1. Could you sort the peptides 228-235, 282-289 by per-residue average Cβ neighbour count (10 Å cutoff), highest mean leading?
2. For region 127-266, what percent of Cα pairs sit more than 19 Å apart?
3. How large is Rg over Rh for region 95-202, taking Rg from the Cα atoms and Rh as the Kirkwood inverse mean of 1/r across Cα pairs?
4. For a protection proxy built on the mean count of beta-carbon atoms within 10 angstrom, sort 309-321, 126-138 highest first, please.
5. What percentages, rounded to whole numbers, describe P(r) for region 125-180 computed over all alpha carbon pairs with 10 Å bin width beginning at zero?
6. Report, largest value first, the span of the C-alpha coordinates of the chain along each principal axis, in whole Å.
7. What are the aspartates and glutamates whose alpha-carbon lies under 15 Å from the alpha-carbon of K159, with same-chain residues fewer than 8 places away excluded?
8. Over all alpha-carbon pairs of region 28-152, lay out the pair-distance distribution in 5 Å bins, whole %, shortest bin first.
Amino acid sequence: MMKIAFFSVNQKEKTYLKRKLGKQYKLEFYTENLTEANAHLIKDADVVSVFIYAKVTKKVIDTGKKLKLIAARSTGFNHIDHEYAKKKNIAVANVPYYGENTVAEHTFALILSLSRKIHKAYVRSIQNNFSLEGLQGFDLRGKTLGVIGAGSIGVHVMKMAKGFGMNILAYDVNHNHILEEVLDFDYVPLEDLLGKSDIITIHCPYNKHTHHLLNMKNINQVKKGALFINTARSGIIQSEALYYAIENGIFSGAGLDVFEGEELLSEENQMLTKNVPKENLEAIWKTNLLLRNENIILTPHMAFDSVEAVERILDTTINNINCFFEKKKFYSV
Ligand code: NAI
């Protein structure tokens with residue numbers, strides 16, 4: 001019987017996976033993320049299934065002596081050395097479509113919270129302060145939204161933006177002119193998008209081409225006072241540029257579902273007792289700087305996390321695994 005090791009699963013997901021896969025495969029479940037430190041757990045696994053905080057490095061891949069498939073339960077797969085896996089003839093699967101609307105809805109939750117200062121009003125209201133002072137927001141209608149990466153999620157964001165009466169600019173390495181006409185937006189060079197958008201939102205993948213796409217060289221091209229939203233991956237903006245833009249009012253606010261050191265936050269309380277690498281402490285320190293700024297909203301990489309989307313992730317992963325063994329087409333990267 002083939003053995004599948006699932007990492008970063010909670011009780012609800014475990015029950016669901018057991019019900020759907022328990023008869024055909026031997027299943028093992030771990031709540032922790034797969035990293036080099038616990039790679040011995042996959043020594044005799046045929047399949048491993050991981051979430052975004054796993055670090056599937058060469059060393060991890062080499063530990064899985066029987067490994068045939070790495071099934072990512074996410075769209076992004078930058079946490080897996082997929083090129084090395086391919087070299088070793090190990091397939092890598094992902095879940096490309098599960099939460100286009102889900103992530104787009106969270107993007108708008110961040111935009112609207114900032115534009116109408118909902119986060120500030122909430123904090124005040126629980127302190128019994130109902131003054132309007134400093135809470136005036138601004139309309140989205142007539143404003144320009146700049147979408148970096150007009151793929152599945154980006155397109156959903158654009159559709160929603162249309163409902164708010166916004167103008168839309170997009171920067172993408174691929175152009176779909178039918179989409180451009182139907183959704184009534186314009187593809188523009190990155191420089192133009194940065195200079196003309198009132199709100200900039202990132203929806204491209206993180207890879208060597210998008211690493212620090214926004215950086216210290218181009219951050220001054222941003223329209224002064226724009227809002228910045230990132231629900232994609234933190235490395236797409238150089239953190240130095242993000243801090244510089246916030247400190248100098250280039251970004252008047254930011255909604256970040258992804259940020260440097262996000263994976264460390266839930267462990268922050270254990271930090272004092274553990275031997276923590278210096279760069280981790282630095283990342284947490286930077287996050288605390290962000291948290292102290294009242295024009296910044298951080299959410300803990302939760303844009304994907306709706307009841308419906310998580311069920312779609314599990315169903316696609318189950319299908320990827322079954323199709324792999326049945327030699328049928330699946331979402332391979
Ligand atoms: P997608 O592949 O449908 O769209 C990505 C778009 O980015 C494509 O149109 C592509 O042409 C464009 N692109 C690629 N390289 C580019 C570059 N160098 N410059 C500009 N554009 C470029 O992907 P999808 O489903 O829209 O997801 C986008 C990203 O969102 C994922 O890669 C993932 O990192 C992130 N994500 C975050 C989630 C969260 O919970 N916060 C959940 C799901 C996805």
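Computed from the coordinates by the stated procedures, all read-outs in this text should not be read as laboratory data. In this text the structure is predicted, and so the values were computed from the model without any measurement. FYI the Cβ positions are ideal-geometry reconstructions off the backbone, even for glycines, and counts take in every protein chain you see.
1. Working: 228-235: 23.5, 282-289: 15.5.
My ranking of the peptides, most packed first, is 228-235, 282-289.
2. The calculated P(r) of region 127-266 puts 51 percent of pairs beyond 19 Å.
3. Ratio of gyration radius to Kirkwood radius for region 95-202: 1.06.
4. Ranking, from highest mean packing down: 309-321, 126-138.
5. Bins of 10 Å from zero give 20, 37, 18, 17, 7, 0 percent of pairs.
6. Answer, in whole Å and largest first: 63, 54, 39 Å.
7. Partners within reach: E100, E105, E180, E181, D184, D186.
8. In order of increasing distance, the bins hold 2, 9, 15, 15, 10, 8, 9, 9, 8, 7, 5, 2, 0 percent.
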